[in-house]
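This report refers to the structure that appears directly beneath it.
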Amino acid sequence: MVKQVPHGGTLVDQMVKSDEEKEAAIAKATVELQATERQLCDMELIMNGGFSPLTGFMEEADYQSVVDNVALPDGTIMGLPVVFDTDDEDLQPGTTILLKQGDLPIATVELTDKYTPNKPYECLKCYGTSEIEHPGALMVATERGKYYMGGKVTGLNFPVREFPCKTPAEVRASLPDDKDVVAFQCRNPVHRAHYELFTRALDDPLVGEGGIVLVHPTCGPTQADDIPGTVRYKTYEVLKEETANPRVEWQYLPYSMHMAGPREAIQHMIIRKNFGCTHFIIGRDMAGSKSSVTGEDYYGAYEAQDFAKELSEKLGVTPVPSLNLVYTEQEGYTTADYAEEKGLTSLKLSGTKFRKMLRGGEDIPEWFAFKSVVSVLRENA
């Protein structure tokens, strides 16, 4: 057994165990629906226990409690609501629906209630703003249906993806049982600074001797201008091969980003706790976003770190602050404070400039990006 206990004490497993059970579950359903990409991610994490202790989509009381108090009614911390949304006026509690991905049956949901959320209020509490210039608020306002419905999920098949997503139980089985496991969340290709950041996190005094890093990128829907998940997956695979670091484990997470800053940092910590992690790296402006109109940041650089520290004891996950690293001509990667103190020359390359160089076929400096990653990004441009 790994060191970390699942959130709520028990790792949820909502998957049927036999073909007979699968057929019986499908037979109960009277309505068939195609699941959206975001619903597929949410269902998978309910089914495999990534959202433990949830066993289904949130009913109104659970939803309201999470929106208001960052916790379920029993006090169990939960960062963001997990809801089934619909515009269907005829869909009623008491109905069992079958959700599919194309022809593949994924899960049934036994609907138990239906409610009309106050979406501006939900966004204000969860994202800190109800402006649709925020990508999360825009998603709630324009992608999600008018109604939310709660109900128990029964898992039939995991969604088919171009990247393998192991269950929390499978990942836990691959982790050491006596070492700290530090999770690193990302939704972009891993460049040199990221790699330095998560490998150096193992030297943090908060992390026990011999700890390992679980690099656990999200591969579901994210911001509109982010690199597609399938391309990101390819960059991670080549980097795993290139670095071959025995203290770094790579796994993939079917999660859709909300860009909810502090609230999302908590959600990420809960998920990684269920995957067996004891520690979680909180970056500057973690899961942050900018206004699509003004370009202003919605969250302060350390808001997510502060919120994570505040809730870490209740959560049972230790936040590890990420180092603010810069590349210097004289000493390679150092902390920004050290570089300033020693008067070192820092080199910088913005994401915009990097993408321009990538498109133009220019040489990308190796201090900024790994050659293998650059090759994949060029092939899939």
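What follows draws every value from the coordinates through simple rules; no lab data is involved. Treat the numbers as computed from the prediction; the structure is a model and nothing was measured. Note that we place each Cβ from the backbone using ideal geometry, even for glycine, and neighbour counts take in every protein chain shown.
Report, in whole Å, the centroid distance computed from the Cα atoms of the stretch 1-22 and the stretch 53-67.
19 Å
Can you return the aspartates and glutamates within cross-link range of Lys240? Criterion is Cα-Cα under 13 Å, with same-chain partners fewer than 8 residues away left out.
Output for Lys240: Glu249.
What is the chain's relative contact order, in percent, from Cα pairs under 8 angstrom and six or more apart in sequence?
Numbers: 741 pairs, mean separation 68.5, N = 381.
The value is 18 percent.
Using alpha-carbon positions, what is the distance between the centroids of the stretch 263-323 and the stretch 83-106, in Å?
Using only Cα atoms to place each centre, the spacing works out to 32 Å.
Classify the chain as rounded, prolate or oblate from the Cα gyration tensor: take a ≥ b ≥ c as the square roots of its eigenvalues, call it rounded if a/c is under 1.5, otherwise prolate when a/b beats b/c and oblate if not.
On the way: a/c = 1.67, a/b = 1.59, b/c = 1.05.
Prolate, since a/c reaches 1.5 and a/b exceeds b/c.
Would you please give the FRET efficiency between Glu379 and Lys348, computed as 1/(1 + (r/R0)^6) with r the Cβ-Cβ distance and R0 = 30 Å, to the nearest 0.05?
On the way: r = 26 Å, r/R0 = 0.88.
So the FRET efficiency works out to roughly 0.70.
Setting aside same-chain residues fewer than 8 positions from Lys348, which lysines have a Cα under 24 Å from its Cα?
Within reach: Lys290, Lys356, Lys371.
Please say if the stretch 307-372 is rounded, prolate or oblate, where rounded means a/c under 1.5 for a ≥ b ≥ c the square roots of the C-alpha gyration tensor eigenvalues, and otherwise the choice is prolate for a/b larger than b/c and oblate otherwise?
Working: a/c = 3.23, a/b = 1.61, b/c = 2.01.
Oblate shape, in that a/c is at least 1.5 and b/c is the bigger or equal ratio.
Which of Phe158, Phe275 has the fewest other C-beta atoms within 10 Å, and how do the rest follow up to the most? Don't skip to the end; give the middle numbers.
On the way: Phe158 20, Phe275 28.
In increasing order of surrounding Cβ atoms, one gets Phe158, Phe275.
Taking neighbour Cβ counts within 10 Å as the exposure measure, how do Arg232, Arg161, Arg200 sort from fewest upward? The partial results should precede the final answer.
Values: Arg232 26, Arg161 18, Arg200 15.
Lowest to highest Cβ neighbour count: Arg200, Arg161, Arg232.
Taking 0.36 nm per intervening residue step and subtracting the Cα-Cα distance, what contour gain separates Leu33 from Lys356 on full extension? Write out the running numbers ahead of the final one.
On the way: separation 323, 0.36 × 323 = 116.28 nm, distance 4.17 nm.
Between Leu33 and Lys356, full extension yields 112.1 nm more.
With a/c under 1.5 counting as rounded, go ahead and sort the stretch 197-329 into rounded, prolate or oblate using the C-alpha gyration tensor (a ≥ b ≥ c being the square roots of the eigenvalues; past the cut-off, prolate if a/b is larger than b/c, else oblate).
It comes out rounded by the Cα gyration axes.
Would you check the stretch 19-155 for Lys pairs whose C-alpha atoms are within less than 22 Å, ignoring same-chain pairs closer than 8 in sequence, and give me the count?
13
Sorted from fewest to most neighbouring beta carbons within 10 Å, what does the list Val160, Val190, Val326 look like?
Values: Val160 10, Val190 23, Val326 20.
Neighbour counts put them in this order, fewest first: Val160, Val326, Val190.
Kindly write out, for the stretch 33-41 in residue order, the coupling ³J(HN,Hα) from the Karplus curve 6.51 cos²θ - 1.76 cosθ + 1.60 (θ = phi - 60°), rounded to whole Hz, with x marking Gly and Pro.
Along the stretch 33-41, the couplings run 9, 7, 7, 6, 4, 5, 4, 4, 5 Hz.
Considering amide H positions built from the backbone, and no H for Pro or chain starts, which residues 5 or more places from Gly56, or on another chain, come under 5 Å of its amide H?
Placed amide hydrogens put Val153 under 5 Å from Gly56.
Starting at the first residue of the stretch 256-261, write each ³J(HN,Hα) from the Karplus equation 6.51 cos²θ - 1.76 cosθ + 1.60 with θ = phi - 60°, in whole Hz, x for Gly and Pro.
In residue order, the calculated couplings are 9, 6, 10, 6, 9, x Hz.
Place a +1 charge on the Cβ of each Lys and Arg in the chain and a -1 charge on the Cβ of each Asp and Glu, then give the dipole magnitude about the Cα centre in debye, rounded to the nearest 20.
On the way: 38 positive and 58 negative charges, 132 e Å.
The calculation lands at about 640 debye.
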